[in-house]
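Student: Before we start, here is the structure in question, set down as structure tokens.
What follows draws every value from the coordinates through simple rules; no lab data is involved. These figures come from a predicted structure and were not determined experimentally. Because the Cβ atoms are built from the backbone with ideal geometry, glycine has one as well, and the counts that use them run over all protein chains shown.
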Amino acid sequence: MPRLPRPGGDKGSWGDVLNAFLQIAHNSDGSLKDTGVIADKYVKPGSGIPEDDLSDDVKTKLNNGGVSDADSSTKGVLQLTGDLGGTADSPTVPGLADKQDSNADLTAIAALSPNNDDILQRKSGEWTNRTPSQLKTDLSLSADDVGLSNVDNTSDADKPVSTATQTALNLKAPLASPTFTGTVSAATIVASSSVSATIGSNGSATIGSLFGHPAFMGVNGAESQPQIIFGMSGLAALLGYSSAIIGIGPGGASGVDVILSRSAAGELTLRQTNAVLGNIVTNLIRKNAGSPEGSVTAPVGAVCQDTTNGIFYVKTVGTGNTGWAAVGGPAVINTQAATDYTLVLADQGKTVEMNHADANTVEVPPNDDVAFPTGTRIDVVQYGAGQTTLVPGSGVTINSASGNLVIAEQYAGVTLYKRDTNEWVAIGALTA
């Protein structure tokens, strides 16, 4: 390996040893080679070593001048941030510029220990904390001091009202048994029991209206002269009558009013005062496009005409929209294609056709299931080839000639009529 000559050695070969060593990094002309041990070493730039060429530890030491950060016990590098400003040579505290200089007053106030709601007060040349009550005593304020010279300590019960207020109150009616003079106007009058008006020996009165009709009207001459009342639903219900009434009576203490009333269902009733007169109940004839059964609500005894065929129906039982029986006009046919059929209330006055190829039955239900009125008549016809048999329901008796209950043949028929609660009679072409 090339090396430098050894002092005291290499006698007679110093030149060769040195030349061999220098040839590692030098050319034969003495200049440095572009490659080799020396060429790979760091060369300091002419302008100095750049910071990026230094290690991080060297950079830190150079940037701090070799001085560590300051702490509470050691002097060192200090960064001017937060409340500090200025420069390293002339540091400042900008926040202190807006602070109050310390003085005796601030020192005295800082030494106080006030309670909640206490007030700071300068008293006898010293600062102290006082309660609101103590401050009130110290100030000794009067009503004049706060602009309330016209205010006194009169109790609420003894305080008078102004003349204008008293004048307005004198025009008001009391809630209990008020008396009005002049014309009284109100959009709505709500009464818990009754509404009455006294108009003297002659005159008239109208109270309220509904859809352009008067809700109450009275015309009164002398007591012996007639009175008239027209009522709509609200006032009529209040008076204890039906939803619409017309009353005519002689008036006076001994007079008996006669009232014609119409209920919401359309029933017309003639009454004396509020008692129904015996045997005087009439009903409007209703009209319906089709059978009223299941669609028209009316009281028992009501009459309805089917506008599609002219047939009349009478409401025989019930309070709802069932219990209608056909009583006039063309016969109504109820065709059944099932093998078994049970009569229903709507079959009153109808013809039930059994149209089936196989044997079939028509059951008469017990009165508890279908309450046909006594006297109900129903025709049953065997329209199909299957033979039809009448079947009594539980507890029902069907009386017939020889006790036969089978319709004789196709297109033959019978009439059933109800004779008692669960007793029926069959008349017609029956066989065993």
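Student: May I ask you to compute the full-extension gain from Thr87 to Asn103, defined as 0.36 nm times their residue separation minus their alpha-carbon distance, rounded to one decimal in nm?
Tutor: So the extension gain works out to 2.8 nm.
Student: Taking the Cβ-Cβ separation of Asn288 and Ala371 as r and a Förster radius of 25 Å, what is the calculated FRET efficiency to the nearest 0.05?
Tutor: Working: r = 22 Å, r/R0 = 0.89.
The calculated FRET efficiency here is 0.65.
Student: How high is the FRET efficiency from Gln166 to Ser295, r the C-beta distance, R0 51 Å, rounded to 0.05?
Tutor: Values: r = 66 Å, r/R0 = 1.29.
Once rounded, the FRET efficiency stands at 0.20.
Student: Between Asp145 and Ser124, what FRET efficiency comes out of the Förster formula 1/(1 + (r/R0)^6) with R0 = 22 Å and r the beta carbon distance, rounded to 0.05?
Tutor: E(calc), rounded to 0.05, equals 0.50.
Student: Still on this model: Give me the distance in nm between label points sitting 7 Å out from Cα along the Cα-to-Cβ direction at Asp10 and Ala331, one decimal.
Tutor: Placing both labels 7 Å along Cα→Cβ, they lie 15.4 nm apart.
Student: Please arrange Tyr417, Tyr411, Tyr341, Tyr313 by how many other C-beta atoms lie within 10 Å of their C-beta, fewest to most.
Tutor: Fewest-to-most ranking of Tyr417, Tyr411, Tyr341, Tyr313: Tyr411, Tyr417, Tyr341, Tyr313.
Student: What order, most packed first, do the peptides 100-108, 155-163, 347-355 have when packing is the mean number of other Cβ atoms within 10 Å of each residue?
Tutor: Peptide ranking by packing, descending: 347-355, 100-108, 155-163.
Student: Another question, then. Going through the cross-link list Lys136/Lys159; Lys315/Lys350; Lys350/Lys418, which pairs have a Cα-Cα distance over 20 Å in this structure?
Tutor: From Lys136/Lys159; Lys315/Lys350; Lys350/Lys418, over 20 Å: Lys136/Lys159.
Student: A further question on this structure: Could you work out the local net charge near Val17, counting Lys and Arg as +1, Asp and Glu as -1, over the other residues with Cβ closer than 9 Å to its Cβ?
Tutor: 0
Student: Using the count of nearby Cβ atoms within 10 Å as a rough guide to exposure, how do Ser177, Ser295 rank from fewest to most?
Tutor: Result, fewest neighbours first: Ser177, Ser295.
Student: Lys99: which aspartates and glutamates have alpha carbons under 15 Å from its alpha carbon, excluding same-chain residues fewer than 8 sequence positions away?
Tutor: List returned: Asp83.
Student: Next question. Can you put Val151, Val314 in order, fewest other beta carbons within 10 Å first?
Tutor: Neighbour counts put them in this order, fewest first: Val151, Val314.
Student: Using a cut-off of 15 Å between beta-carbons, work out the net charge of the residues near Gly428 (Lys and Arg +1, Asp and Glu -1, Gly428 not included).
Tutor: The answer is -2.
Student: What is the gain in length, in nm to one decimal, between Ala359 and Asp53 on full extension, counting 0.36 nm per residue of separation less the C-alpha to C-alpha distance?
Tutor: 98.2 nm
Student: Still on this structure: Using label points projected 7 Å from each Cα along Cα→Cβ, tell me how many nm separate Asn27 and Thr154, to one decimal.
Tutor: 12.7 nm
Student: While we're on this one: What does the net charge come to around Asp379 if you take all other residues with beta carbon closer than 11 Å to its beta carbon, with K and R at +1 and D and E at -1?
Tutor: Numbers: positive: Lys350, Arg377; negative: Asp347, Glu353.
So the environment of Asp379 carries a net charge of 0.
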